[in-house]
1. Taking the Cα centre as origin and putting +1 on Lys and Arg beta-carbons and -1 on Asp and Glu beta-carbons, what dipole magnitude results for region 1-149, to the nearest 20 debye?
2. Have a look at Y32, T77, L8 and report the one farthest towards the positive end of the charge dipole of region 1-95, computed about the Cα centre with Cβ charges (Lys/Arg +1, Asp/Glu -1).
3. Give me, ordered by chain and number, the residues 5 or more places off L50 or on other chains with an amide H under 5 Å from its own placed amide H.
4. Just name one of L115, G89, M103: the one whose Cα is farthest towards the positive end of the charge dipole of region 71-138 (beta-carbon charges, Lys/Arg +1, Asp/Glu -1).
5. Quick one: dipole size for region 91-158, taken about the Cα centre, charges +1 on Lys/Arg Cβ and -1 on Asp/Glu Cβ, in debye to the nearest 20.
6. Just the number please: accessible area per residue for the chain, 1.4 Å probe, all protein chains included, in Å².
7. If you average the C-alpha positions of region 14-40 and of region 80-111 separately, how far apart do those two centres end up, in angstrom?
8. Which distance in nm do the two modelled labels at M2 and S80 give, with both placed 7 Å along the Cα-to-Cβ direction?
Amino acid sequence: MMDLFVWLEHTAVADAIRTSRWMYPAFETGHYIGLSLLVGGIMLIDLRVLGFWRTLPLKSMIGLLPFVWVGFAINATTGSLLFIYGATGFGTNPAFWIKMTFMMLAGLNALAFDLAVRRSAFDWVAADKPPKFVKVFATLSFALWLCVVTTGRWMAYV
C-alpha cells in the first residue's frame with residue numbers, strides 16, 4: 001500500500017500541486033466550501049426531519065438535497081486531490097481511515113435517505129410527517145457527519 005502512496009505523491013498532479021502557489025490553498029478552500037454545502041445542508045435537513053424548525057416547510061428543506069450532492073462531489077474531488085498531494089502522510093494517518101469509514105457509512109446512509117425520499121416523500125413531505133424510518137436515517141446522518149467532520153479535523157493532530 002505504501003508503494004501506491006509514494007507513487008501518488010510522485011504523479012504529475014501531485015507535482016503540479018506541490019509547485020503551484022495557489023493550487024493547494026484553492027483545493028483546501030474548495031474542500032471547505034463543499035463541506036459547507038454538504039454538511040450544512042444535510043444537517044439542516046436532518047434537524048428539520050427530526051422536528052426542529054417546524055415553521056420551515058419540509059418540502060423546501062428536502063429541496064436542499066441537490067446542493068448536498070454538489071457539496072459531496074466537490075469534497076470528493078478536492079479531497080482526492082489533497083490526498084494525492086500528501087498520500088504518504090494521509091495514508092498512514094489513523095484519523096484519515098476512521099474519517100473515510102465514517103464518510104462511507106454517511107454516504108451510504110445519505111443515498112438510502114435520498115432514495116427513500118424519492119420513493120415515498122411526496123406523501124409524508126406533503127403531510128409534513130416523516131415516518132420513523134426516515135427519522136432513523138436523519139439521526140444516523142447527523143451523527144455520522146459529525147464524526148466525519150471531527151475525524152477530519154483530527155487528521156492534523158494525529
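The values are calculated or read from the model by the stated rules, or taken from the named source; none is laboratory data. Predicted, not measured: the structure shown is a model, and the values here were computed from it. Because the Cβ atoms are built from the backbone with ideal geometry, glycine has one as well, and the counts that use them run over all protein chains shown. Accessible surface is based on the protein model in full, side chains and every heavy atom, while ligands, DNA and RNA are left aside. Shrake-Rupley method; radii C 1.70, N 1.55, O 1.52, S 1.80 Å.
1. Charge dipole, region 1-149, about its Cα centre: 600 debye, nearest 20.
2. Going by the Cα projections, it comes out as Y32.
3. Those lying under 5 Å, H to H, from L50: there are none.
4. L115
5. Values: 7 positive and 3 negative charges, 15 e Å.
Its charge dipole is roughly 80 debye.
6. Values: 9080 Å² over 158 residues.
Value for the chain: 57 Å² per residue.
7. Taking the Cα centre of region 80-111 as reference, the centre of region 14-40 is 15 Å away.
8. Taking the two extended label points, one gets 2.7 nm.
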